[in-house]
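The values are calculated or read from the model by the stated rules, or taken from the named source; none is laboratory data. What you see is a predicted model, and the numbers here were worked out from it, not measured in a lab. We place every Cβ from the backbone using ideal geometry, glycine too, and count neighbours over all the protein chains shown. The area values use the complete protein model at the heavy-atom level, side chains included, leaving out ligands, DNA and RNA. Shrake-Rupley method; radii C 1.70, N 1.55, O 1.52, S 1.80 Å.
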Amino acid sequence: MIRKCLFPAAGYGTRFLPATKAMPKEMLPIVNKPLIQYAVEEARDAGLQHMALVTGRGKRALEDHFDISYELEHQIRGTEKEKFLAGTRELIETCIFSYTRQVEMKGLGHAILSGRPLIGDEPFAVSLADDLCLNLKGDGVLSQMIQLYKRYRCSIVAIQEVPRDQTHKYGVIAGELIADNVYRVSSMVEKPAPEDAPSNLAIIGRYILTPDIFDLIADTQPGKGGEIQITDALMKQAQNGCVLAYKFDGLRFDCGGAEGYLDATNFCYEHLYLKGL
Ligand code: UTP
């Protein structure tokens, strides 16, 4: 069964400079909680206990966030401020965190390969924390994907319909609909121009991967932008066997850019923060 979630969090976050000059993008707060904590909570709610973070230079704050801060906790003990740390504390107590560094930022595929020592030879989830996924009406996105994995036992990518003029920002799939919201992937193109896109079904930052993906990434040459793309390795997996794409229930905010970040902040303020959730 799936026990581990890998969080590639080594990217430079250039779209958010200068905020991300000395601070990881994944620590940007949506109201009062950093993006990485939303992602870890989603993984925990999906039953995953091992949180494996791929970090890089200047990302120490991620490790500090999931650690005890004795002075601070001593300072606020017994005051009503203690409740603000309760959620983080619970994650620290119930999950296992491990870290590795991606030494050179050679793309998402390379970041996932860097996480291999933390994952080993078992299927695992991947979550990109700058894609904030929320489902207020039911199970979170990773939870939905794990249920699907139990049925099909192969790699799964989360997809979303995007406007045609946005396809150049995503990996885009072509596939055959095999069940409600589930496609068998026949092809994938990384960041296609609208006229080259095989569909408007875009891959977003949630994956379930079977461990053979690691060797496939290791054999993948740098693609678009000189980066090792996960879509290239997934394409080989789709040719050898099976990769599914799943149109999930819920909302997704691209918090790697200002517009999505603002939308997420407004949404979370109204639907979570004001309700004390
Ligand atoms: P992005 O494409 O959003 O890149 O990466 P980025 O560097 O974080 O941000 P911009 O585009 O410069 O603003 C998608 C995810 O893959 C991770 C990022 O941390 C992010 O979660 N990533 C990307 C790595 O971990 N390593 C890489 O070499 C590249």
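So in region 13-26, with the set limited to residues that are assigned to a loop (DSSP other than H, G, I, E, B) and surrounded by fewer than 15 Cβ atoms within 10 Å (Cβ to Cβ), which one is farthest from the ligand (Cβ to nearest atom)?
Restricting to residues being assigned to a loop (DSSP other than H, G, I, E, B) and surrounded by fewer than 15 Cβ atoms within 10 Å (Cβ to Cβ), the top hit is Ala22.
Looking at region 237-244, is at least one residue in contact (Cβ under 8 Å) with a residue 60 or more places away in the chain, in a loop (DSSP other than H, G, I, E, B), crowded, with 19+ Cβ neighbours inside 10 Å and more than 16 Å from the ligand (Cβ to nearest atom)?
No, the conditions are met nowhere in region 237-244.
Quick check: anything in region 115-129 open to solvent by 10 Å² or more (accessible area, probe 1.4 Å) and assigned to a strand (DSSP E or B)?
No, because not a single residue in region 115-129 is open to solvent by 10 Å² or more (accessible area, probe 1.4 Å) and assigned to a strand (DSSP E or B).
Would region 90-97 turn up any residue that is in contact with a strand residue (DSSP E or B) (Cβ under 8 Å, 6 or more places away or on another chain) and of a type in the set (S, T, N, Q)?
no
Ala129: in contact (Cβ under 8 Å) with a residue 24 or more places away in the chain, touching a Pro at 6+ places or on another chain (Cβ under 9 Å) and within 24 Å of Pro34 (Cα to Cα), yes or no?
For Ala129, the condition - in contact (Cβ under 8 Å) with a residue 24 or more places away in the chain, touching a Pro at 6+ places or on another chain (Cβ under 9 Å) and within 24 Å of Pro34 (Cα to Cα) - is met.
Of all residues in region 207-231 being in contact with a Lys or Arg (Cβ under 8 Å, 6 or more places away or on another chain), hydrophobic (A, V, I, L, M, F, W, C) and open to solvent by 20 Å² or more (accessible area, probe 1.4 Å), which is nearest to the ligand (Cβ to nearest atom)?
By that ranking, first place goes to Ile228.
Please enumerate the residues belonging to region 115-126 that are within 14 Å of the ligand (Cβ to nearest atom) and in contact with a Gly (Cβ under 9 Å, 6 or more places away or on another chain).
Scanning region 115-126 gives a single hit, Val126.
For Tyr269, all conditions in the list (1) in contact with a Phe, Trp or Tyr (Cβ under 9 Å, 6 or more places away or on another chain); (2) modelled with pLDDT of 95 or more; (3) more than 16 Å from the ligand (Cβ to nearest atom) hold save one; what is the number of the exception?
Of the numbered conditions (1) in contact with a Phe, Trp or Tyr (Cβ under 9 Å, 6 or more places away or on another chain); (2) modelled with pLDDT of 95 or more; (3) more than 16 Å from the ligand (Cβ to nearest atom), the odd one out for Tyr269 is (1).
For region 44-62, which residues satisfy the criterion of being farther than 13 Å from Val126 by Cβ and within 14 Å of the ligand (Cβ to nearest atom)?
If the condition is that a residue be farther than 13 Å from Val126 by Cβ and within 14 Å of the ligand (Cβ to nearest atom), then Thr55, Gly56, Arg57, Gly58, Lys59, Ala61, Leu62 are the ones that fit.
As an exercise: evaluate Asp67 against (1) in a loop (DSSP other than H, G, I, E, B); (2) within 16 Å of the ligand (Cβ to nearest atom); (3) touching a residue at least 12 places away in the same chain (Cβ under 8 Å) and give the number of the one condition it does not meet.
All conditions pass for Asp67, except number (2).
Return the total of residues in region 214-255 being farther than 15 Å from Ile203 by Cα and small (Gly, Ala, Ser).
So the answer is 5.
If we scan region 248-267, do we find a residue that is open to solvent by less than 60 Å² (accessible area, probe 1.4 Å), aliphatic (A, V, I, L, M) and within 30 Å of Phe84 (Cα to Cα)?
Within region 248-267, one or more residues are open to solvent by less than 60 Å² (accessible area, probe 1.4 Å), aliphatic (A, V, I, L, M) and within 30 Å of Phe84 (Cα to Cα).
Suppose the filter is in contact with a helix residue (DSSP H, G or I) (Cβ under 8 Å, 6 or more places away or on another chain), within 30 Å of Lys224 (Cα to Cα), open to solvent by 90 Å² or more (accessible area, probe 1.4 Å) and not small (Gly, Ala, Ser); does Arg101 pass it?
Judged against the criteria, Arg101 is a match.
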